[in-house]
Amino acid sequence: MSQFSKKPFFISGFFWSFTVALLCFQSAFAQSSAVCVMDPNQVADSVKGSVYAKAIARMGSDSIRITYHSPAVRKRIIWGGLVPFGEVWVTGAHNATTLETSRALLIGGKVLAPGKYALFTIPGPDEWIVIINKNWNQHLAWDYDAKDDVVRFAVRPEQANHLERLQYFLNIIEPSLCAIEMRWEKVRVEWSVILR
């Protein structure tokens, strides 16, 4: 058999090996990216890490979406412990929590252009600062820079029933009015957004 007659088999073998490897990679990627849940508190207690989750409000042809990682309490002291008071917090875990809007929003007394943003807070015992930051692609608050803040406003925390995993709720009140609520442990904070 000549050298040239072996080459097509080699190319064919390489092609099939490459194709199988690519399909396995795509399958693994699809599985890892498909783990986003709407209600992290419905995930089995056996899950130790933070759960990848989202909340979506559809208002006519427009939508507001919050994507985040949901940590669990696990008998830890959360406020003033795991989450220090007076420091910028990702208001979730891992990557920055993101807020996406397809339409301009009135939030904290300012107009927010359509787009994708990071959502941070500075928790306190009696007041929280909500921060919308234009650098949405960051890990925790390590790359946070106040110069990238688009909106900052204060809200008051309230007592709530225990919720094991941090969760966001988007509650549509009127066709153009939505309340964004974050709950974790026995604390809730809420603020309104209006479609412009």
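For this structure, a couple of remarks:
- Checked against the criterion of being assigned to a strand (DSSP E or B) and either among the polar types (S, T, N, Q) or under 22 Å from G80 (Cβ atoms) (or both), the candidates V151, V193, V187 yield just one match: V187.
- Selected residue (criterion: surrounded by the most Cβ atoms within 10 Å (Cβ to Cβ)) from residues of the stretch 45-62 that are outside any strand (DSSP E or B) and of a type in the set (S, T, Y): S50
- Inclusion of R65 among residues that are surrounded by fewer than 19 Cβ atoms within 10 Å (Cβ to Cβ) and assigned to a strand (DSSP E or B) is warranted.
- Residue match in the stretch 148-165 (condition: of a type in the set (A, V, I, L, M), closer than 26 Å to V43 by Cα and in contact (Cβ under 8 Å) with a residue 60 or more places away in the chain): yes
- Pick from the stretch 95-135, criterion more than 21 Å from I194 (Cα to Cα) and touching a strand residue (DSSP E or B) at 6+ places or on another chain (Cβ under 8 Å), ranking: modelled with the lowest pLDDT: N95
- Of the residues making up the stretch 89-113, those that are outside any strand (DSSP E or B) and under 16 Å from the mean Cα position of the chain (by Cα) are V90, T91, G92, A93, H94, A96.
- Residues located in the stretch 68-86, provided they are surrounded by fewer than 21 Cβ atoms within 10 Å (Cβ to Cβ) and either of a type in the set (K, R) or in contact (Cβ under 8 Å) with a residue 40 or more places away in the chain (or both): V73, R74, K75, R76, I78, W79, G80, V83, F85
- Residue list for the stretch 169-184, restricted to those being surrounded by 15 or more Cβ atoms within 10 Å (Cβ to Cβ) and closer than 29 Å to K75 by Cα: F169, L170, I180, E181, M182, R183, W184
- Number of the condition not met by W89 [criteria: (1) loosely packed, with under 15 Cβ neighbours inside 10 Å; (2) at pLDDT 95 or above]: (1)
- Condition met for L170 (closer than 17 Å to G86 by Cα, in contact with a strand residue (DSSP E or B) (Cβ under 8 Å, 6 or more places away or on another chain) and in contact (Cβ under 8 Å) with a residue 12 or more places away in the chain): no
The values are calculated or read from the model by the stated rules, or taken from the named source; none is laboratory data. Fair warning: this is a prediction, and the values are worked out from it, not measured in the lab. Reconstructed Cβ throughout: ideal geometry from the backbone, glycine too, with neighbour counts over all protein chains shown.
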